[in-house]
1. Quick one: in the stretch 120-139, of everything that is modelled with pLDDT of 90 or more and surrounded by fewer than 16 Cβ atoms within 10 Å (Cβ to Cβ), which residue is nearest to the chain's Cα centre (by Cα)?
2. Find the residue count for the stretch 7-18, including only residues that are closer than 20 Å to residue 228 by Cα and buried (at least 17 other Cβ atoms within 10 Å of the Cβ).
3. Select from the stretch 1-16 the residues that are at pLDDT 90 or above and in contact with a helix residue (DSSP H, G or I) (Cβ under 7 Å, 6 or more places away or on another chain) and write down the one among them that is nearest to residue 101 (Cα to Cα).
4. Having 2 or more residues that are farther than 21 Å from residue 191 by Cβ is the bar; report the helices (runs of 4 or more DSSP H) wholly within the stretch 1-103 that clear it.
5. For the stretch 105-125, which positions are more than 18 Å from residue 195 (Cα to Cα) and assigned to a helix (DSSP H, G or I)?
6. Do we have residue 5 as within 16 Å of the chain's Cα centre (by Cα) and touching a residue at least 12 places away in the same chain (Cβ under 8 Å) here?
7. Can you pull out every residue in the stretch 201-214 that is without any contact (Cβ under 8 Å) to a residue 60 or more places away in the chain and in contact with a helix residue (DSSP H, G or I) (Cβ under 9 Å, 6 or more places away or on another chain)?
8. Quick one: which helices (runs of 4 or more DSSP H) lie wholly within the stretch 177-272 and hold at least 2 residues that are at pLDDT below 95, buried (at least 17 other Cβ atoms within 10 Å of the Cβ) and in contact with a strand residue (DSSP E or B) (Cβ under 8 Å, 6 or more places away or on another chain)?
């Protein structure tokens, strides 16, 4: 695992765009998913696991209740993957974590809360080409045959159909059984990335990806430690956050563009026009 501590906006850009050249395509197409958090010590634990208890059992109850009450507003398709992505998007505790194809979006989330500007942030970079190489053979072959780098809800639903056995009382929960069966065969958890459906402009603007561990009881950080070549951890020091934040604002990477609508606009305006003196400063702030 690479851990890089940057000292400026320039160094941060060099770090997130390194290894972005793709020989096969002769294009600069990075194989990384990015996630930014405002506090270095905030772990890669999904909201479902933070509830406590058995996350697999909780997930079944949460999704079942979400489907029952959300049908009035959600009418797309009755798929475990679709409901999981929709729930995550609307704040339901799930086994998913939010990522983005865009390093600039990750930088935004690492600097979106100026009240945390007195502590270091982090940009996580995970190479999904490397994580794909560790998928169970059946799942990896299916993705390769599709010629895709990451899954979609439709690809996952199509794959799951091949592993359904018998009848289950809850048809939308069939798909999670495919994960459990594959993990039992391989005897180790696996990590995959998939694109959510374009439920609204927020997902589109944030260039969103979700990560999913086959067993929600496992720690993603512990999983990554077993595959150190797959990720990079970029430490964003507190004293650099203001430079990054101000330059993102000038580049129009803000709440106004990433959260389209009046709420995003209001959040951006409140942050943008609050004097810097109102927020905490890093103890070793540059002059």
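The values are calculated or read from the model by the stated rules, or taken from the named source; none is laboratory data. This one's a predicted model, so the numbers in the text were calculated from it and none came from an experiment. Reconstructed Cβ throughout: ideal geometry from the backbone, glycine too, with neighbour counts over all protein chains shown.
1. Narrowing the stretch 120-139 to residues modelled with pLDDT of 90 or more: 120-135.
Keeping just the survivors that are surrounded by fewer than 16 Cβ atoms within 10 Å (Cβ to Cβ) gives 129, 133.
Details: 129: 15, 133: 19 Å.
Here the answer is 129.
2. Result for the stretch 7-18: 2.
3. First pass over the stretch 1-16, keeping only residues at pLDDT 90 or above: 3-16.
Narrowing the set further to residues that are in contact with a helix residue (DSSP H, G or I) (Cβ under 7 Å, 6 or more places away or on another chain) leaves 4, 6-9, 12, 16.
Working: 4: 19, 6: 20, 7: 23, 8: 22, 9: 19, 12: 16, 16: 11 Å.
Step by step, filter the stretch 1-16, then rank; the result is 16.
4. Fully inside the stretch 1-103 and qualifying: 9-17, 55-70.
5. The answer is 107, 108, 109, 110, 111, 114, 115, 116.
6. On the way: within 16 Å of the chain's Cα centre (by Cα): no; touching a residue at least 12 places away in the same chain (Cβ under 8 Å): yes.
Criteria not met by residue 5.
7. Answer for the stretch 201-214, where residues must be without any contact (Cβ under 8 Å) to a residue 60 or more places away in the chain and in contact with a helix residue (DSSP H, G or I) (Cβ under 9 Å, 6 or more places away or on another chain): 205, 214.
8. Working: elements: 201-205, 220-225, 238-250, 255-258.
In the stretch 177-272, the matching helices (runs of 4 or more DSSP H) lie at 220-225.
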